[in-house]
Amino acid sequence: MEQRIAEINDEFGVLSRIFSSRAVAQILDFFLDHKEFDYSANEIAKKTGLSFRTIFREIPDLEYRQLIFNTRKIGKVNMYRLNLDLEAVGYLEKFSLEMSQIALGETKRVKPPLAENDGQLVEEMDSFSDNIMHNS
């Protein structure tokens, strides 16, 4: 199992595979902001400002990773929705919200340099993250 996780995460890590482009982040941001409905690729393109071709290219991978799913078909058009049943989506939503709050806070104040204890905390968090990935 650990070897399989290592293969999946390869040298760049699982996040780099999911967020392989800025477009993926924009699509996920869109779905996090509009999670109550399903949308066609064309609607996603219009709302995000991305090209239809880009949306069409990224959707299969997002489906494969179970971040979004095909809810129904209207004529020949597939409709997609954020997979709220996937626990990782909940974490992604929380992460997005916290990062937004940090970004808002940074515009109001200058961030102080890391204290020695903060650097140690970062190292402990990295170690904890590594343990989770290798023990799953």
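Identify the single condition in (1) at pLDDT below 95; (2) surrounded by fewer than 14 Cβ atoms within 10 Å (Cβ to Cβ); (3) in a helix (DSSP H, G or I) that K111 does not satisfy, given that it satisfies every other one.
Status for K111: all satisfied but (3).
Taking helices (runs of 4 or more DSSP H) that do not extend beyond segment 13-60, which have at least 3 residues that are free of Cβ contacts under 8 Å to residues at least 60 places away in the same chain, of a type in the set (A, V, I, L, M) and farther than 17 Å from L82 by Cα? Full working, then the answer.
Details: elements: 14-18, 22-33, 41-48.
Per the criteria, no element qualifies.
Which residue is surrounded by the most Cβ atoms within 10 Å (Cβ to Cβ), if the candidates are limited to segment 61-89 and must be in a loop (DSSP other than H, G, I, E, B) and touching a residue at least 24 places away in the same chain (Cβ under 8 Å)? Steps first, answer last, please.
Initially, segment 61-89 is screened for residues in a loop (DSSP other than H, G, I, E, B), giving 65-67, 75-76, 83-86.
Those still in the list that are touching a residue at least 24 places away in the same chain (Cβ under 8 Å) too: 65, 67, 84.
Working: R65: 15, L67: 20, L84: 13.
Here the answer is L67.
The values are calculated or read from the model by the stated rules, or taken from the named source; none is laboratory data. Everything numeric in this text was worked out from a predicted model, so none of it was measured. So basically every Cβ, Gly included, is an ideal-geometry build from the backbone, and we count neighbours across all protein chains shown.
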